[in-house]
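**Q** Structure incoming, see below.
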Amino acid sequence: MADLPVGGVIDVPLAQTGEGIAECELLKWFVQEGEEVEEFQPLCEVQSDKATIEITSRYKGKVSKVLHVPGNIVKVGEALLRMVIDENASILPSVEAAQDLVAQDSKINELDIADSVLKKEKIRGVLSTPAVRNFAKQLGVTIEDVLGTGHDGRILREDILNYAARKGILKASSEILIEDSSAKNFLGDQTSPNVSSAYVWEFEDRSLPLRGFHRAMAKSMTLAAKIPHFQYVEEVNCDALLDLRASFQNEMSDLGIKFTFLPLLVKSLSMALSKYPLLNSCFNEESQEVLLKGSHNIGIAMATAHGLVVPNIKKVQSLSIVEITKELSRLQELALSNKLSSDDVSGGTITISNIGSIGGKFGSPLVNVPEVSIIALGRIQKIPLFDEDGNLCPASIMMINISSDHRVLDGATVARFCNEWKRFIEKPELLMLQMR
C-alpha cells in the first residue's frame, strides 16, 4: 500500500491524465461518502479532451467527503474527494480541513444571501422576456400589475392573458392587434380571436455548455482555422474496389468479419504515403520544422453520441487488410461506448473523414493539428460515364477532398500524391506488388 500521509485525512486530487491535459469533466462516481475503499479501487470516471479515464485510489480508507458532482469541470491537481486513511482518524475532516469547510460554508451563506437579494431585486423590477413585455404592451397591460407564476416570479404569456381576461382588457384591445388568418386556421381553437397569432407560441433559448469531445473539437478547430488550407478535389472510380470487397466478404465469411471498403482505402493510402511522406508529417510553427513521421498512424473521424472523436490505426504499413479491419472494428466499438484510451486517440499522423457514410458528395475539412493533411470521402454514387472506347456505362464514383496545410504542402505535391493513391484504388491488384 502507498505510504500514509500524517494526519489521517487527505485530499485525493485529479492526477495528470495525459500530456497537455489541464482539466477534465467528471462523468460519474463509483463511490459515495462513508464507503470503504481499497487501494487501486476505481473512484470515479472523468473525460478529458482525448479520452475517458477511470481515477483509482492510491490508498485504503473511507470516503469522508465528495467535493464535486457529475458534470463539473475539475482542474488537474484539484481535490476530487477527501478520504480518511487512518483507522483511528475520525470521519470528520482534520482541523485545518474543518476550518476550510467553515470558511467555505461562510462564503456559501454570503452567496445565498446575495442571491436572495438579487432575486428580490429582479422580482421587484419584473422578471420577464422581451416578447412577454411586448405582448403586454400590445394588450395595454401594465406588466408591473401582473402576478408571475414562472420560476422566481417570472411573468409568462399565460399570466398576461389571464390578467387581461379578468380585467376585461382583452376584448377592447383587439383593434391594435394584427390578425393572421392563415396561422389562425392552422392553430384552430388554440388561438384567441382577439390575440395576434404572432404571440400564440413562445420559445425560449437554451445554453448548452461544451463538454468532453465537443470542447476538444472547439479548441482544435479554432487552431486549425488559423492555418492556410489548400483544397484538392478528385473523382475516383471504385468499381474494382467494391468488387474486391465483395470477394473478401464471400471468401472470408468464416472469420465472422464484416468487410467494408474503408480498410482497403486505409491500406492503399498507406502505400501512397510511402512514396509521398510529406503528407504524413507534422509542422512545428515555433522552430519552423517539419517532422516526417515514420509510422502511418491513420486516424478515422467517428461521430458518436459523445461528440466527434478521431482514434487512429497504428503502423498501418505493417498491417494486413484483415488486421486493419479488426482494429477498425475495435476502435468503433470503443468509440460508441465512450471507452477509447488516450493511446487510441493520440499519435495520429493523417486523418480520414468518411462523411459519405452519412451523406454528401464531398466536404472541406480542416486539418487535425498538428497533422498537415486530412481527407474527406464522399458517398459512392452510380453515375453514367464514357469508357475509353466512347461507350456509355455505369460507374461507382467517389469524390475525395484533400485538405492540406499550405505552409508545408504545395498543390503539385498533393496532386501527385492523390494520383498515386487513386491508382491503387482503381487498380487494387497493384497493392499486391508492394505489400510486405
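The values are calculated or read from the model by the stated rules, or taken from the named source; none is laboratory data. Remember, predicted model here, so these are calculated numbers, not experimental data. With ideal geometry, Cβ positions are generated from the backbone for all residues, glycine too; neighbour counts draw on all protein chains shown. Remember, those area values only see protein heavy atoms, side chains included, never the ligands or the DNA or RNA. Shrake-Rupley method; radii C 1.70, N 1.55, O 1.52, S 1.80 Å.
**Q** Would you confirm whether any residue within region 254-263 is outside any helix (DSSP H, G or I) and polar (S, T, N, Q)? Steps first, answer last, please.
**A** Our first condition is that a residue be outside any helix (DSSP H, G or I); within region 254-263, this holds for 256-261.
Adding the requirement that they be polar (S, T, N, Q) leaves 260.
Yes; the residues of region 254-263 include at least one that is outside any helix (DSSP H, G or I) and polar (S, T, N, Q).
**Q** Within the bounds of region 284-298, is there any residue that is closer than 17 Å to Ile400 by Cβ and in the same structural domain as Arg423 (by the TED database)?
**A** Residues of region 284-298 that are closer than 17 Å to Ile400 by Cβ, as a first pass: 298.
Narrowing the set further to residues that are in the same structural domain as Arg423 (by the TED database) leaves 298.
Within region 284-298 (the criterion being closer than 17 Å to Ile400 by Cβ and in the same structural domain as Arg423 (by the TED database)), the answer is yes, since at least one residue qualifies.
**Q** Condition first: part of a loop (DSSP other than H, G, I, E, B), in contact with a Ser or Thr (Cβ under 9 Å, 6 or more places away or on another chain) and loosely packed, with under 13 Cβ neighbours inside 10 Å. Can you find one or more residues in region 69-76 that meet it?
**A** Going residue by residue through region 69-76, those that are part of a loop (DSSP other than H, G, I, E, B) are 69-72, 76.
Going one step further and asking which of them are in contact with a Ser or Thr (Cβ under 9 Å, 6 or more places away or on another chain), we end up with 76.
Still in the list and also loosely packed, with under 13 Cβ neighbours inside 10 Å: none.
Checked against the condition, which is being part of a loop (DSSP other than H, G, I, E, B), in contact with a Ser or Thr (Cβ under 9 Å, 6 or more places away or on another chain) and loosely packed, with under 13 Cβ neighbours inside 10 Å, region 69-76 yields no hits at all.
**Q** Taking only pairs six or more apart or across chains, which ones have beta-carbon atoms under 9 Å, a first residue in region 350-370 that is assigned by the TED database to the domain that holds Phe261, and a second residue that is aromatic (Phe, Trp, Tyr) and open to solvent by 20 Å² or more (accessible area, probe 1.4 Å)?
**A** So the pair list comes out as Ile355/Phe362; Gly356/Phe362; Val369/Phe283; Pro370/Phe283.
**Q** Count, please, the residues in region 317-336 that happen to be within 24 Å of Gly18 (Cα to Cα) and in contact with a strand residue (DSSP E or B) (Cβ under 9 Å, 6 or more places away or on another chain). It would help to see each step written out before you state the result.
**A** The first filter runs over region 317-336 and keeps only residues within 24 Å of Gly18 (Cα to Cα), leaving 327-328, 330-336.
Pick out the ones that are also in contact with a strand residue (DSSP E or B) (Cβ under 9 Å, 6 or more places away or on another chain) and you get 327-328, 331-332, 335-336.
Number satisfying all stated conditions: 6.
**Q** For Ala303, which of the numbered conditions (1) over 23 Å from Ala415 (Cβ atoms); (2) outside any strand (DSSP E or B) fails to hold?
**A** Condition not satisfied by Ala303: (2).
**Q** Can you tell which of Ala89, Ala51, Ala2 is modelled with pLDDT under 85, more than 26 Å from Asp344 (Cα to Cα), touching a Gly at 6+ places or on another chain (Cβ under 8 Å) and among the small types (Gly, Ala, Ser)? Please lay out each step first, then the result.
**A** On the way: Ala51 fails: more than 26 Å from Asp344 (Cα to Cα); Ala2 fails: touching a Gly at 6+ places or on another chain (Cβ under 8 Å).
The match here is Ala89.
**Q** Tell me, which residue of region 143-154 that is open to solvent by less than 70 Å² (accessible area, probe 1.4 Å) and outside any helix (DSSP H, G or I) is nearest to Arg166 (Cα to Cα)? Full working, then the answer.
**A** Let us first name the residues in region 143-154 that are open to solvent by less than 70 Å² (accessible area, probe 1.4 Å), namely 143, 146, 148, 150, 152-153.
Still in the running and outside any helix (DSSP H, G or I): 146, 148, 150.
Working: Val146: 11, Gly148: 15, Gly150: 19 Å.
Here the answer is Val146.
**Q** Out of everything in region 28-65 that is of a type in the set (A, V, I, L, M, F, W, C) and surrounded by fewer than 19 Cβ atoms within 10 Å (Cβ to Cβ), what residue ends up being nearest to Asn338 (Cα to Cα)? Let's see the steps before the verdict.
**A** Taking region 28-65 as the starting set, the residues that turn out to be of a type in the set (A, V, I, L, M, F, W, C) are 29-31, 37, 40, 43-44, 46, 51, 53, 55, 63.
After this cut, where a residue has to be surrounded by fewer than 19 Cβ atoms within 10 Å (Cβ to Cβ) as well, the list is 30-31, 40.
Details: Phe30: 17, Val31: 20, Phe40: 22 Å.
Among residues in region 28-65 that are of a type in the set (A, V, I, L, M, F, W, C) and surrounded by fewer than 19 Cβ atoms within 10 Å (Cβ to Cβ), the one nearest to Asn338 (Cα to Cα) is Phe30.
**Q** Are any of the residues in region 314-332 in contact with a Gly (Cβ under 6 Å, 6 or more places away or on another chain) and either surrounded by 15 or more Cβ atoms within 10 Å (Cβ to Cβ) or not β-branched (Val, Ile, Thr) (or both)?
**A** The answer is no, given that none of the residues of region 314-332 is in contact with a Gly (Cβ under 6 Å, 6 or more places away or on another chain) and either surrounded by 15 or more Cβ atoms within 10 Å (Cβ to Cβ) or not β-branched (Val, Ile, Thr) (or both).
**Q** Under 8 Å between Cβ atoms, which residue pairs at least 6 apart in sequence (or on different chains) link something in region 279-296 that is within 17 Å of Thr351 (Cβ to Cβ) and open to solvent by 60 Å² or more (accessible area, probe 1.4 Å) with a partner that is modelled with pLDDT of 90 or more and β-branched (Val, Ile, Thr)?
**A** Lys293/Thr349
**Q** With the requirement that a residue be hydroxyl-bearing (Ser, Thr, Tyr) and farther than 12 Å from Leu292 by Cα, what does region 266-280 give you? Give the derivation first.
**A** Of the residues in region 266-280, the ones hydroxyl-bearing (Ser, Thr, Tyr) are 268, 270, 274, 276.
Once the filter is applied, which keeps residues that are hydroxyl-bearing (Ser, Thr, Tyr) and farther than 12 Å from Leu292 by Cα, region 266-280 yields Ser268, Ser270.
**Q** Another one. So which of Leu269, Leu187 is at pLDDT 90 or above and either on the phi < 0 side of the Ramachandran plot or outside any helix (DSSP H, G or I) (or both)?
**A** Working: Leu187 fails: at pLDDT 90 or above.
Result of the check over Leu269, Leu187: Leu269.
**Q** Separate question: Is it the case that region 375-396 has a residue that's over 21 Å from Lys267 (Cβ atoms), in contact (Cβ under 8 Å) with a residue 12 or more places away in the chain, aliphatic (A, V, I, L, M) and open to solvent by 30 Å² or more (accessible area, probe 1.4 Å)?
**A** Yes, because at least one residue in region 375-396 is over 21 Å from Lys267 (Cβ atoms), in contact (Cβ under 8 Å) with a residue 12 or more places away in the chain, aliphatic (A, V, I, L, M) and open to solvent by 30 Å² or more (accessible area, probe 1.4 Å).
**Q** Sticking with this one: Collect the residues in region 347-360 that are crowded, with 17+ Cβ neighbours inside 10 Å and assigned to a loop (DSSP other than H, G, I, E, B), keeping them in residue-number order. I'd like the intermediate steps shown before the answer.
**A** Within region 347-360, the first condition is being crowded, with 17+ Cβ neighbours inside 10 Å, and the residues that meet it are 348-356.
Answer for region 347-360, where residues must be crowded, with 17+ Cβ neighbours inside 10 Å and assigned to a loop (DSSP other than H, G, I, E, B): Gly348, Thr349, Asn354.
**Q** Residue under question is Arg82, and the condition is that it be basic (Lys, Arg), modelled with pLDDT of 85 or more and open to solvent by 40 Å² or more (accessible area, probe 1.4 Å); does it hold? So that I can check it myself, show each step before the final result.
**A** Numbers: basic (Lys, Arg): yes; modelled with pLDDT of 85 or more: yes; open to solvent by 40 Å² or more (accessible area, probe 1.4 Å): no.
So Arg82 fails the test.
**Q** Of all residues being touching a helix residue (DSSP H, G or I) at 6+ places or on another chain (Cβ under 6 Å) and not in a loop (DSSP other than H, G, I, E, B) in region 13-48, which is farthest from Gly77 (Cα to Cα)? Just the residue, please.
**A** To start, the set of residues in region 13-48 that are touching a helix residue (DSSP H, G or I) at 6+ places or on another chain (Cβ under 6 Å) comprises 18, 25, 47.
Among the residues that remain, those that are also not in a loop (DSSP other than H, G, I, E, B) are: 25, 47.
On the way: Glu25: 13, Gln47: 15 Å.
In this case the residue turns out to be Gln47.
**Q** Which members of region 224-266 meet the condition of being touching a Leu at 6+ places or on another chain (Cβ under 9 Å) and exposed (fewer than 14 other Cβ atoms within 10 Å of the Cβ)?
**A** Ala225
**Q** Can you tell me which residues in region 413-436 are open to solvent by 50 Å² or more (accessible area, probe 1.4 Å), aliphatic (A, V, I, L, M) and assigned to a helix (DSSP H, G or I)?
**A** Taking region 413-436 first, the residues open to solvent by 50 Å² or more (accessible area, probe 1.4 Å) are 416, 419, 423, 426-427, 429, 432-436.
From what is left, the residues that are aliphatic (A, V, I, L, M) are 432-433, 435.
Those that are open to solvent by 50 Å² or more (accessible area, probe 1.4 Å), aliphatic (A, V, I, L, M) and assigned to a helix (DSSP H, G or I): Met432, Leu433.
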